[in-house]
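Visitor: Below you'll find the structure I mean.
The values are calculated or read from the model by the stated rules, or taken from the named source; none is laboratory data. What you see is a predicted model; the values in this text were computed from it and never measured. Cβ coordinates were reconstructed from backbone atoms using ideal geometry, including for glycine residues, and neighbour counts include every protein chain displayed.
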Amino acid sequence: MPELPEVEAALEFLRTRARGRAIARVRLLHPALQRRLSPAQLQALAGARIARVERRGKHQLLHLDDGRVLHAHFRMNGDWALTETNAPLPRFARAAIDLDDDTSLIFVDSRALGTIDLHPAGVALDLGLGPDAADPEWTAAQLADELARRRGPVKPALLDQRLVAGLGNIYAAESLWRARISPFAPSNALSRERVQSLREAIDAVLRRATGSRYTDDDTVTLDVYDREGLPCRRCRTPIERAVQAGRSTYFCPTCQPREIAAKHGTAKKTAKKTAKKTATAKKTAKKGAKKTAKTIAKKPAKRAARSRRA
Ligand SMILES: [Zn+2]
């Protein structure tokens with residue numbers, strides 16, 4: 001599924017191939033898209049110029065010079081291709097934006113779940129998105145505040161575009177692996193330190209992937225996603241797959257242990273228990289998860305801070 005890096009690559013394609021060009025005609029080639037735009041809306045696109053293109057999360061906005069916005073979303077699959085306007089259409093062509101230089105931008109989408117919409121000029125677009133995952137101003141503290149409000153496991157939370165925009169199933173799994181956090185860890189049980197690691201992991205994972213065209217060819221080496229049964233790149237434990245909120249999730253049971261998640265959840269009870277857990281965590285630390293011990297040891301202080309606020 002195209003996530004932030006792939007959509008960013010699509011935007012780069014639009015910037016170089018389509019920005020500044022006028023639209024000659026838009027052809028919708030699939031019934032699902034034909035239902036989204038009326039013939040009158042389609043006709044009224046002729047002559048409009050693509051002034052700039054913008055990515056918001058996984059959404060693509062083509063801002064026209066008259067203020068209207070053509071809004072594309074690949075959903076599960078999709079990409080742009082550029083052809084000569086009279087050339088045969090590629091397989092799975094769902095829409096064609098014919099430009100004034102006799103080239104056409106083709107919306108290619110094998111699953112036909114992608115969308116194209118047109119927004120009128122002067123409308124403030126609210127796409128219901130949280131901060132962009134690639135925004136350097138999106139802080140670990142913001143992420144921690146959002147996660148603290150949620151009881152469910154962290155992986156589905158990361159897929160919620162209201163929490164952070166741009167992550168999908170692949171890069172959420174990769175980020176959690178990198179930060180050594182179980183996808184099953186309750187969101188509100190993660191310490192600030194662990195959320196800090198997660199924020200850094202998201203950044204590293206997206207940086208590494210940005211510039212690639214697709215996640216499913218081998219331009220990007222994935223560490224955990226779709227590697228069930230293959231050895232973890234850190235500790236050689238076979239990667240496991242589980243279904244979580246209807247999606248496949250991949251994790252290393254050693255680097256991302258569920259027990260740690262559970263301990264985080266109950267670490268709030270008594271100081272005595274916390275001490276015991278710290279000891280357990282130190283054992284884990286020997287395996288390389290140094291941050292875990294530090295994190296659990298600091299829990300009581302965090303709790304005190306929380307109750308002062310409450
Ligand atoms: Zn591992």
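Visitor: Among what's in the stretch 152-178 and is more than 16 Å from the ligand (Cβ to nearest atom) and basic (Lys, Arg), pick the residue that is surrounded by the most Cβ atoms within 10 Å (Cβ to Cβ).
Guide: LYS155
Visitor: In this structure, does SER182 turn out to be small (Gly, Ala, Ser) and out of contact with any helix residue (DSSP H, G or I) (no Cβ under 6 Å at 6 or more places or on another chain)?
Guide: So SER182 fails the test.
Visitor: Go through the stretch 111-139 and count every residue that is among the polar types (S, T, N, Q) and not in a loop (DSSP other than H, G, I, E, B).
Guide: 1
Visitor: Confirm whether LYS268 is away from the ligand (no atom under 12 Å from the Cβ), assigned to a loop (DSSP other than H, G, I, E, B) and modelled with pLDDT under 50.
Guide: When the stated conditions are applied, LYS268 passes them.
Visitor: Determine whether the stretch 182-189 contains at least one residue that is within 16 Å of the ligand (Cβ to nearest atom), assigned to a loop (DSSP other than H, G, I, E, B), among the aliphatic types (A, V, I, L, M) and over 19 Å from LYS58 (Cα atoms).
Guide: Yes, that holds for at least one residue.
Visitor: Okay, moving on. Within the stretch 190-204, can you find the residues that are outside any loop (DSSP other than H, G, I, E, B) and surrounded by 23 or more Cβ atoms within 10 Å (Cβ to Cβ)?
Guide: Pass one, the stretch 190-204, residues outside any loop (DSSP other than H, G, I, E, B): 192-204.
Passing the criteria: ARG194, VAL195, LEU198, ILE202.
Residue-by-condition table, conditions (1) modelled with pLDDT of 95 or more; (2) aromatic (Phe, Trp, Tyr); (3) in contact with a Lys or Arg (Cβ under 8 Å, 6 or more places away or on another chain):
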| position | (1), (2), (3) |
| --- | --- |
| ALA48 | yes, no, yes |
| ALA51 | yes, no, yes |
| ASP66 | yes, no, no |
| HIS71 | yes, no, no |
| ASP79 | no, no, yes |
| ALA95 | yes, no, yes |
| ARG111 | no, no, yes |
